[in-house]
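J.: Quick one: structure below, then a few questions.
The values are calculated or read from the model by the stated rules, or taken from the named source; none is laboratory data. Just so you know, these numbers come straight off a predicted model, no measurement behind them. Because the Cβ atoms are built from the backbone with ideal geometry, glycine has one as well, and the counts that use them run over all protein chains shown. Please note that ligands, DNA and RNA were not included when accessible areas were found on the heavy atoms of the full protein model with its side chains. Shrake-Rupley method; radii C 1.70, N 1.55, O 1.52, S 1.80 Å.
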Amino acid sequence: MHIDHIGIPSDHPRAKSLYIREMLVNGFRRGLVVPEGLIAHGRGEAYDYLIGERTTKTAQRAIEAAAATMLLSSRAVISVNGNTAALCSNTVVELAEVAGANIEVNIFYRTEEREKAIKAELEKHGAKKILGVGLKASARIPELQSERRRVDPNGIYAADTVLVPLEDGDRTEALIRMNKTVITIDLNPLSRTSKVADITIVDNIVRAMPALVYAARKLRRTTTAMSLKRITDNFDNSKNLQESLEIIKKSEVQ
Ligand code: ATP
């Protein structure tokens, strides 16, 4: 039996889930994640149990549609909050590169210190340009009250497509009203975000992000713009969410 550096035995039935928790707690200690982020993760984790802690075929279809959409966009932006930075800064940077997207820090509990910590984390993983930090976040999303309304005029504000993983419903709705195409990663198919987004990937961000990088890389190499468009046109988010719910309903005690 192998025990990793934080003391989780590799044959523990919940090893992966415990490891993800440790990454978040570690992110909390390093000032990336807020306590509320730990609680939000708990909600996601419960749904991960119910979908069997795997990327379902349904989620894979949403991943392909998301990758095609990002490749077809001219100003795609990946919005990064504390949990996203703690769990997958490496794949955020990779996806930005493969899909030609910008990275923007956007957090609900905004402090200069936390913005800088998230920026440093992304830079550690190779990000060259990061939007939305400090005075750069000078534009406002209309009708939104929280500090999350502050966005970069060259980033989310001007974007045609925004990838907003682990997002709350108010902000997603505001982005939709601004005519952005919104892609989200959210384990809860019943959340407001899941329902209003154009493409919802019902999967754990730690699995969805590498799969998204892989899909974008593959589609970029092999697929014409017309075929990419066909992938996006054929995707139906309500139907896809319904399928995720069916998977949850069928989950049973083994
Ligand atoms: P809404 O406002 O959209 O109804 P909410 O109030 O639950 O949703 P938040 O708590 O702000 O919104 O967002 C967290 C969302 O992210 C939740 O829906 C949760 O299920 C999901 N989530 C948390 N951790 C993960 C993860 N690791 N991977 C994917 N989704 C996650």
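J.: Per residue, how much accessible area does the chain have with a 1.4 Å probe, in Å²? Please list the in-between numbers first.
T.: Values: 12550 Å² over 254 residues.
Ligands and nucleic acids excluded, the result is 49 Å² per residue.
J.: Using packing as a proxy for protection, rank 49-55, 211-217 so that the peptide with the highest average count of other Cβ atoms within 10 Å comes first.
T.: Values: 49-55: 15.6, 211-217: 22.0.
Top to bottom by mean Cβ count within 10 Å: 211-217, 49-55.
J.: Something else now. Compute the distance in nm between two label points, each set 7 Å from the Cα along the Cα-to-Cβ direction, one at residue 234 and one at residue 22.
T.: 4.2
J.: Another one. Apply the a/c threshold of 1.5 to the C-alpha gyration tensor of region 42-81 and tell me whether it is rounded, prolate or oblate. Walk me through the numbers before you get to the answer.
T.: Details: a/c = 5.57, a/b = 1.69, b/c = 3.30.
Oblate, since a/c reaches 1.5 and b/c is not below a/b.
J.: By the scheme Lys and Arg +1, Asp and Glu -1, what is the net charge of all other residues having a beta-carbon under 10 Å from that of residue 61? Write out the running numbers ahead of the final one.
T.: Working: positive: 57, 239; negative: 64, 236, 243.
Net of charged neighbours comes to -1.
J.: Here's another thing I want to ask about it. In the chain, what percent of the accessible surface is made up of carbon and sulfur (1.4 Å probe, ligands and nucleic acids excluded)? If you can, show how the numbers build up before the last one.
T.: Values: 6600 of 12550 Å².
It is 53 percent, rounded to a whole number.
J.: While we're on this one: Classify region 6-61: rounded, prolate or oblate, from the alpha-carbon gyration tensor (a ≥ b ≥ c, eigenvalue square roots; a/c under 1.5 rounded; otherwise prolate if a/b is larger than b/c)?
T.: Details: a/c = 2.36, a/b = 1.33, b/c = 1.77.
Oblate is the answer for region 6-61, as a/c is 1.5 or above yet b/c matches or exceeds a/b.
J.: Which distance in nm do the two modelled labels at residue 242 and residue 110 give, with both placed 7 Å along the Cα-to-Cβ direction?
T.: Once both label points are built, they end up 3.9 nm from each other.
J.: Using 0.36 nm times the number of residues separating residue 43 and residue 177, minus their current alpha carbon distance, what extension gain do you get?
T.: Working: separation 134, 0.36 × 134 = 48.24 nm, distance 2.65 nm.
Extra length from residue 43 to residue 177 when fully extended: 45.6 nm.
J.: Expressed as a whole number of Å, what is the distance separating the alpha-carbon centroids of region 130-191 and region 223-254?
T.: 23
J.: Accessible area, 1.4 Å probe, largest first: how do 141, 231 sort?
T.: Numbers: 141 5, 231 50 Å².
Order by accessible area, largest first: 231, 141.
J.: Under the rule a/c < 1.5 gives rounded, and otherwise a/b versus b/c splits prolate from oblate, where does the chain land using the Cα gyration tensor?
T.: Working: a/c = 1.44, a/b = 1.08, b/c = 1.34.
Rounded.
J.: Can you give the charge dipole size of the chain about its Cα centre, rounded to the nearest 20 debye, using +1 on the beta carbon of Lys and Arg and -1 on the beta carbon of Asp and Glu?
T.: Working: 37 positive and 32 negative charges, 107 e Å.
Rounded to the nearest 20 debye, it is 520 debye.
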